[in-house]
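Asks: After the structure tokens below, expect a handful of questions from me.
The values are calculated or read from the model by the stated rules, or taken from the named source; none is laboratory data. Computed from a predicted structure; not experimentally measured. A quick note on method: Cβ atoms are made from the backbone with ideal geometry, for glycine too, and the neighbour counts reach across all protein chains shown.
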Ligand code: MG
């Protein structure tokens with residue numbers, strides 16, 4: 001069996017940059033739909049496919065789930081390096097053709113379909129909130145298709161280090177057609193119409209182009225990406241492209257234009273929240289540690305300090321420093337002497353500072369000051 005490939009990606013009719021990307025590098029095929037403010041979405045989908053390409057180039061026996069997890073890691077690492085990319089994420093539907101079957105790994109709401117004997121079947125599950133609600137019987141398929149939050153993902157690359165990856169397989173025969181697509185197609189073109197176009201358009205590239213056209217005609221509210229694989233009679237070998245197709249840029253991304261906050265950027269709160277909150281938590285912990293070390297250090301320092309001051313109009317011994325911070329005294333009274341502070345102040349010029357506190361470097365030092373005051377107040381012959 002040989003594989004004939006068509007592929008197309010398009011910015012759509014509304015968005016001003018394309019965050020989708022695809023890979024058509026037989027035997028590996030993939031669609032990634034990026035999300036995230038600034039350039040995040042474009043970077044995330046591209047990083048994912050580049051990571052996959054890198055892994056598949058280096059090794060023959062690539063574990064698809066591992067490839068997806070490595071892509072997840074690569075996105076997290078890049079997001080950690082660049083603040084502007086924080087919170088970026090992507091879907092990834094990665095498929096490998098084998099002798100008479102395909103294997104796939106999948107995260108997100110991009111889809112893989114099989115068209116066989118005139119029947120269209122979705123091979124992947126959407127990891128979306130609405131799909132979960134449908135499964136739980138809370139809403140119907142019809143309600144899901146028009147739900148305002150239908151693009152909120154429950155799983156994506158770039159969210160957490162741990163990533164659950166769906167794995168699947170499908171035996172394939174001559175005449176089968178597999179389509180990978182982003183939700184820019186399935187969100188715009190009803191499935192029966194997708195089915196019709198795929199069933200009636202022989203050339204895989206033409207099928208891709210038609211589907212992209214239809215999605216744009218229906219509003220083109222999102223980026224649209226379609227990859228079609230036809231399984232035909234013949235020797236297995238490098239995948240062929242349909243006539244007129246140029247897949248020289250196998251990882252295809254359009255150049256960034258001005259950044260916008262797209263619906264998808266705002267849509268997956270789970271995609272944004274954990275990394276940001278983790279970062280906030282780390283800084284809060286660091287700040288707390290600094291404060292704690294500061295407080296402990298200050299406390300230790302204060303406890304070694306002494307001064308002689310006034311309490312109840314008498315000379316007194318204090319531990320700490322003669323000041324307060326935010327209403328908290330940084331000293332404690334140790335002892336009140338019999339000596340009158342007033343008289344001490346008059347007795348010697350050096351004792352006039354008593355009300356402010358005369359600092360000492362040790363308890364002994366402080367007691368020596370008190371002895372000197374006593375001396376000065378002692379009636380002289
Ligand atoms: Mg999309």
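Asks: With the condition kept exactly as written, say whether any residue in region 68-84 is within 16 Å of the ligand (Cβ to nearest atom), touching a residue at least 24 places away in the same chain (Cβ under 8 Å) and in contact with a strand residue (DSSP E or B) (Cβ under 7 Å, 6 or more places away or on another chain).
Replies: No, region 68-84 contains no residue that is within 16 Å of the ligand (Cβ to nearest atom), touching a residue at least 24 places away in the same chain (Cβ under 8 Å) and in contact with a strand residue (DSSP E or B) (Cβ under 7 Å, 6 or more places away or on another chain).
Asks: So how many residues does region 74-97 have that are closer than 19 Å to residue 22 by Cα and surrounded by fewer than 19 Cβ atoms within 10 Å (Cβ to Cβ)?
Replies: Counting residues in region 74-97 that are closer than 19 Å to residue 22 by Cα and surrounded by fewer than 19 Cβ atoms within 10 Å (Cβ to Cβ) gives 0.
Asks: Within region 102-124, how many residues turn out to be within 16 Å of the ligand (Cβ to nearest atom) and over 16 Å from residue 176 (Cα atoms)?
Replies: Number of matching residues: 7.
Asks: Only residues that are within 16 Å of the ligand (Cβ to nearest atom) and either buried (at least 24 other Cβ atoms within 10 Å of the Cβ) or assigned to a strand (DSSP E or B) (or both): list them for region 221-235, please. Outline the logic, then answer.
Replies: Restricting attention to region 221-235, the residues satisfying the condition of being within 16 Å of the ligand (Cβ to nearest atom) are 221-227.
Answer for region 221-235, where residues must be within 16 Å of the ligand (Cβ to nearest atom) and either buried (at least 24 other Cβ atoms within 10 Å of the Cβ) or assigned to a strand (DSSP E or B) (or both): 222, 223, 224, 225, 226, 227.
Asks: Of all residues in region 10-22, which are part of a strand (DSSP E or B) and either within 11 Å of the ligand (Cβ to nearest atom) or under 23 Å from the mean Cα position of the chain (by Cα) (or both)?
Replies: We begin by selecting, within region 10-22, every residue part of a strand (DSSP E or B); these are 10, 20-22.
Listed by number, the residues that qualify are 20, 21, 22.
Asks: Can we say residue 6 is surrounded by 22 or more Cβ atoms within 10 Å (Cβ to Cβ), within 14 Å of the ligand (Cβ to nearest atom), in a strand (DSSP E or B) and touching a residue at least 12 places away in the same chain (Cβ under 8 Å)?
Replies: No; evaluated as a whole, the condition is false for this residue.
Asks: Regarding region 195-215, can at least one residue be identified that is under 30 Å from the mean Cα position of the chain (by Cα), closer than 22 Å to residue 141 by Cα and at pLDDT 95 or above?
Replies: yes
Asks: Shifting gears a bit: Any residue at all in region 150-173 that's more than 16 Å from the ligand (Cβ to nearest atom), part of a loop (DSSP other than H, G, I, E, B), over 23 Å from residue 67 (Cα atoms) and in contact (Cβ under 8 Å) with a residue 40 or more places away in the chain?
Replies: Looking through region 150-173, at least one residue is more than 16 Å from the ligand (Cβ to nearest atom), part of a loop (DSSP other than H, G, I, E, B), over 23 Å from residue 67 (Cα atoms) and in contact (Cβ under 8 Å) with a residue 40 or more places away in the chain.
Asks: Are any residues in region 23-40 more than 11 Å from the ligand (Cβ to nearest atom), buried (at least 20 other Cβ atoms within 10 Å of the Cβ) and either closer than 21 Å to residue 159 by Cα or under 16 Å from the mean Cα position of the chain (by Cα) (or both), and if so, which ones?
Replies: 30, 36, 40
Asks: Moving on to the next point. Is it the case, given these coordinates, that residue 127 is within 15 Å of the ligand (Cβ to nearest atom), closer than 22 Å to residue 32 by Cα and surrounded by fewer than 18 Cβ atoms within 10 Å (Cβ to Cβ)?
Replies: Considered against the rule, which asks whether it is within 15 Å of the ligand (Cβ to nearest atom), closer than 22 Å to residue 32 by Cα and surrounded by fewer than 18 Cβ atoms within 10 Å (Cβ to Cβ), residue 127 comes out as no.
Asks: If I filter region 343-373 down to residues being out of contact with any helix residue (DSSP H, G or I) (no Cβ under 9 Å at 6 or more places or on another chain) and farther than 22 Å from residue 303 by Cβ, which single residue comes out as modelled with the highest pLDDT?
Replies: 371
Asks: Residues 52, 43, 62, 47: which one is free of Cβ contacts under 8 Å to residues at least 60 places away in the same chain and either surrounded by fewer than 24 Cβ atoms within 10 Å (Cβ to Cβ) or out of contact with any helix residue (DSSP H, G or I) (no Cβ under 6 Å at 6 or more places or on another chain) (or both)? Steps first, please.
Replies: On the way: 52 fails: either surrounded by fewer than 24 Cβ atoms within 10 Å (Cβ to Cβ) or out of contact with any helix residue (DSSP H, G or I) (no Cβ under 6 Å at 6 or more places or on another chain) (or both); 43 fails: either surrounded by fewer than 24 Cβ atoms within 10 Å (Cβ to Cβ) or out of contact with any helix residue (DSSP H, G or I) (no Cβ under 6 Å at 6 or more places or on another chain) (or both); 47 fails: either surrounded by fewer than 24 Cβ atoms within 10 Å (Cβ to Cβ) or out of contact with any helix residue (DSSP H, G or I) (no Cβ under 6 Å at 6 or more places or on another chain) (or both).
Selected residue: 62, the only one of 52, 43, 62, 47 that is free of Cβ contacts under 8 Å to residues at least 60 places away in the same chain and either surrounded by fewer than 24 Cβ atoms within 10 Å (Cβ to Cβ) or out of contact with any helix residue (DSSP H, G or I) (no Cβ under 6 Å at 6 or more places or on another chain) (or both).
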